[in-house]
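Here, each number is a calculation from the coordinates, and none is a lab measurement. Since this is a predicted model, take the numbers as computed values, not measurements. With ideal geometry, Cβ positions are generated from the backbone for all residues, glycine too; neighbour counts draw on all protein chains shown.
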Amino acid sequence: MRDITIVVREATAADAPSLAAFGERTFRDAFAADNRPEDVEAYVSATYSPERQRTEIADPTLLTLVAERHETLVAYAQLCAGEAPACVSGPAPMELMRFYVDRPWHGRGVAHTLMAAVIEAAVSRRAQTLWLGVWERNARAIAFYTRSGFRDVGSHDFLLGTDHQTDRIMARRLG
């Protein structure tokens, strides 16, 4: 693997339009083939507007990180402070709410670079446990999270449009 320089930084309001387009595209890339089009459309239209992204970037309980190569967005992640599900037993939990890498960058080390930045950001915000929900049918993501030190600790429901799905809850201790 070639050495690829990826810059990870905190998103700003100016990133909202590109983050909205990127988020929608990578979500569709990951899930459209396995879900009803109307359910995917309902989710992306509610989640990936520039206005929603601006609101999320400004929210003090959220942290959005963007990963860039030559100022081009290649991945992003979002952390959320708040309550964890009961199956997450570690202290001071923080949720890794979103983690997406553009398909052309899969397998090139971008995800590992972004995960290291996510962990550093969570620790700097005094988190001691990082948890996430991942669709039970997303084997590639589950394998990556497992390699990143996460362990399956339970499940919760995820509503995609009108489709009730099951997410595996994975968690890892930090520090």
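Worth pointing out:
- The range 83-114 versus the range 28-82: alpha-carbon centroid distance in Å: 13 Å
- Simple label model, 7 Å out from Cα along Cβ direction - residue 68 to residue 38, nm: 4.0 nm
- Exposure proxy ranking for 29, 15, based on other Cβ atoms within 10 angstrom of each Cβ and starting from the fewest, stands as 29, 15.
- By other beta-carbon atoms within 10 Å, ranking 64, 26 with the fewest at the front produces 26, 64.
- Contact order normalised by residue count of the chain, Cα under 8 Å, 6+ apart, percent: 21 percent
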